[in-house]
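Asks: Before anything else, here's the structure in question.
The values are calculated or read from the model by the stated rules, or taken from the named source; none is laboratory data. If you're wondering where the values come from, they're calculated on a predicted model, not measured in any experiment. We place every Cβ from the backbone using ideal geometry, glycine too, and count neighbours over all the protein chains shown.
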Amino acid sequence: MKIRRAVVSVSNKSGLSELGPFLRSYGVEILSTGGTKKYLDGINVNPIEISAYTGFPEIMDGRVKTLHPKVHGGILNIRDNKEHQNAMDSLGIKHIDMIVVNLYPFKEVIGKGCTFEEAIENIDIGGPSMIRAAAKNYKFVTVVVDPEDYRRVMEEMKANDGETTEDFRFHLAKKVFYFTSDYDNAIYSYLSKIK
């Protein structure tokens with residue numbers, strides 16, 4: 001699958017100074033949010049704000065920004081399903097071919113000591129939704145949750161004229177469910193200690 005449009009929204013920005021310009025050099029349209037957009041603007045990648053794409057502002061102190069049909073429809077549509085594609089066309093939804101997302105640093109925040117309210121605010125909702133959607137639709141979408149994989153993503157795209165292979169996408173998709181299960185387990189363990 002050719003990567004034409006990507007959502008990049010990360011808490012951990014390591015490796016982004018290389019990946020962002022690389023994606024831009026391949027003509028990838030990048031959609032981004034908050035701090036990630038500011039970071040990418042700072043290195044002249046200049047992504048499109050997610051709210052500009054969806055036509056809906058971030059609300060509730062950033063709790064709701066990527067939870068939108070234009071985002072999830074763009075990720076979850078089956079590319080060779082005519083009904084899905086008709087819905088995309090009629091609703092003005094664009095394909096999203098890559099998701100580069102790592103989650104709010106819940107474990108790091110509670111590890112440093114924090115209030116219960118701070119812990120709750122560091123439970124990511126939009127991130128897990130996007131990466132799980134992309135992993136479910138790995139036949140058409142590349143999902144990257146680990147900065148350690150950026151180098152391999154770039155090598156894969158270089159070797160395949162801006163595309164990724166299904167085998168590689170499946171490899172990355174499996175990592176998503178490991179990451180989200182570990183993330184949810186950390187939340188459960190933390191909450192279980194609260195009386």
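Asks: Give me the residue from the range 1-52 that is in contact (Cβ under 8 Å) with a residue 40 or more places away in the chain and charged (D, E, K, R) and, out of that set, surrounded by the most Cβ atoms within 10 Å (Cβ to Cβ).
Replies: R5
Asks: Exactly one of (1) more than 15 Å from the chain's Cα centre (by Cα); (2) on the phi > 0 side of the Ramachandran plot is unmet by G34. Its number?
Replies: So G34 meets the others, but not (1).
Asks: Okay, next question. Just the residues that are touching a residue at least 60 places away in the same chain (Cβ under 8 Å) and either closer than 10 Å to A173 by Cβ or not in a helix (DSSP H, G or I) (or both), please, taken from the range 125-138.
Replies: Matches in the range 125-138: I125, K136, N137.
Asks: Here's something else I'd like to know. I'd like to verify a number: residues in the range 139-195 that are part of a loop (DSSP other than H, G, I, E, B), surrounded by 11 or more Cβ atoms within 10 Å (Cβ to Cβ), touching a residue at least 40 places away in the same chain (Cβ under 8 Å) and more than 17 Å from the chain's Cα centre (by Cα), how many?
Replies: 1
Asks: Being in contact with a Ser or Thr (Cβ under 8 Å, 6 or more places away or on another chain), under 30 Å from E118 (Cβ atoms) and part of a strand (DSSP E or B) is the filter here, so list the residues in the range 32-73 that pass it.
Replies: Result: S32, E49.
Asks: Please state which one of D97, D89 is surrounded by 13 or more Cβ atoms within 10 Å (Cβ to Cβ), of a type in the set (D, E) and modelled with pLDDT of 90 or more.
Replies: Being surrounded by 13 or more Cβ atoms within 10 Å (Cβ to Cβ), of a type in the set (D, E) and modelled with pLDDT of 90 or more holds for just one of D97, D89, which is D97.
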